[in-house]
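The numbers here are math on the coordinates, done by the rules we state, and not lab data. Every value quoted in this text rests on a predicted model; they were computed, and no experiment measured them. Cβ placement follows ideal geometry from the backbone for every residue including glycine, while neighbour counts extend to all protein chains displayed.
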Amino acid sequence: MIGEVDGHAHVFAPGLPFVEPRRYTPGYAATAEQFIAHLDASRLAGGLLTQPSFLGTDNRHMLAAVARYPARLRAVVVVDPEITDTDLDGLASQGAVGIRLNLEGVPLPHLSAAPWPALFARLARRHWHVEIHRKAVDLPTILAPLLDSGVRICVDHFGRPDPERGTADPGFLALLDSASTGRVWVKVSAAYRTGGVARGEALAPVLLARLLSAFGPQRLIWASDWPHTQHESLVTHRDCLMALARWARDEALARRIRTEGVESLLEATS
């Protein structure tokens, strides 16, 4: 994908085989066609679809969306850590470029113990990335084994710092320190998931300034988080697009973030 990109969105529909247990059950459809319409309205070249937690390792619905728009969409899948190389290659042939570890609300896995290091090594050889969703307090524990493995890492939603601590959150500070490795990217997205819409809007410019200083625009990724699960009535895709320029105080810089972050993350995967 060449051009400005939305780095995180979901597609799903009622009636799909949702996993048990789950934190959220959508009662509506978020379709690829709706997402493409948002991309078109915002003049964005493409987007990264991310597997939602409630669909587990069944990536078929998302990959079917990619198959309908192969020039514009790629997928970040959820897999069993003991997945075979053949199955990984099959996912790659369908547009997968990374895996997601959505660790929010679940016990932390021992990522330095089998079978995780072997999986990360295989992902690194494919130039895939591991997307992490977890509050900042646990990022030091999570990042260490991933960095040791050599894989690329993408951290969701500003790193999810404690809204009371903001840039002083030790986990957020550890995230900033990881920039020196050159193998960590951060999504500047879903500020409303950090203390609500108003608190997130106040924190986002401060968090972004620190992230820009550490990572530069080339390793930050803008994303809408469409369809904003559990916050659907509070924000729109357009709101999220316009917010980035407001946080960055510079539309040219916002365009660089929307362009360069995903481009560098996906380098050599296709």
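Assorted remarks:
- Linear extension gain, Ser93 paired with Glu251, 0.36 nm per residue minus alpha-carbon span: 53.4 nm
- Given their separation in residues at 0.36 nm each and the Cα-Cα distance between them, Ala13 and Ala268 gain 88.6 nm when the chain is fully extended.
- Percentage relative contact order, the range 89-197, counting C-alpha pairs under 8 Å, at least six apart: 25 percent
- Rg to Rh, two decimals, where the range 141-207 supplies the alpha carbon set and Rh follows Kirkwood: 0.99
- Summarising the label geometry, the points placed 7 Å from Cα in the beta-carbon direction at Arg122 and Thr25 lie 3.3 nm from one another.
- Ellipsoid semi-axes in whole angstrom, largest first, where each is sqrt(5λ) of the Cα gyration tensor of the range 96-229: 24, 15, 14
- Panel note: the C-alpha atoms of the chain, placed on their principal axes, show extents of 46, 39, 36 Å (largest first).
- Using a cutoff of 8 angstrom between alpha carbon atoms and counting only pairs six or more residues apart, the relative contact order for the range 13-166 works out to 16 percent.
- Relative contact order %, the chain, counting alpha carbon pairs below 8 Å whose residues are six or more apart: 18 percent
- Calculated [θ] (222 nm, deg cm²/dmol) that DSSP helices of n ≥ 4 give over the chain, each run adding -39,500 (n - 2.57): -12000 deg cm²/dmol
- Amide hydrogen neighbours beyond the local backbone of Ile221, cut-off 5 Å, H modeled: Val186, Lys187, Val188
- Enclosed volume per residue, in Å³, of the convex hull spanned by Cα atoms of the range 97-176: 83 Å³
- Under 17 Å from the Asp80 label point (7 Å along Cα→beta-carbon), backbone N, the range 116-131: 116-120
- Anisotropy class of the range 202-270 from Cα gyration tensor, a/c 1.5 cut: oblate
- Annotation: extensible slack from Asp40 through Arg60 equals 4.8 nm (criterion: 0.36 nm per residue apart, minus Cα-Cα distance).
- Sorted peptide list for 243-256, 91-104, criterion being average Cβ within 10 angstrom, highest first: 91-104, 243-256
- Kirkwood analysis of the Cα pair distances in the range 1-117 returns a hydrodynamic radius of 15.2 Å.
- For the range 16-55, applying the loop criterion from DSSP together with a ceiling of 11 other beta carbons within 10 Å to the trypsin sites (Lys or Arg not before Pro) yields Arg43.
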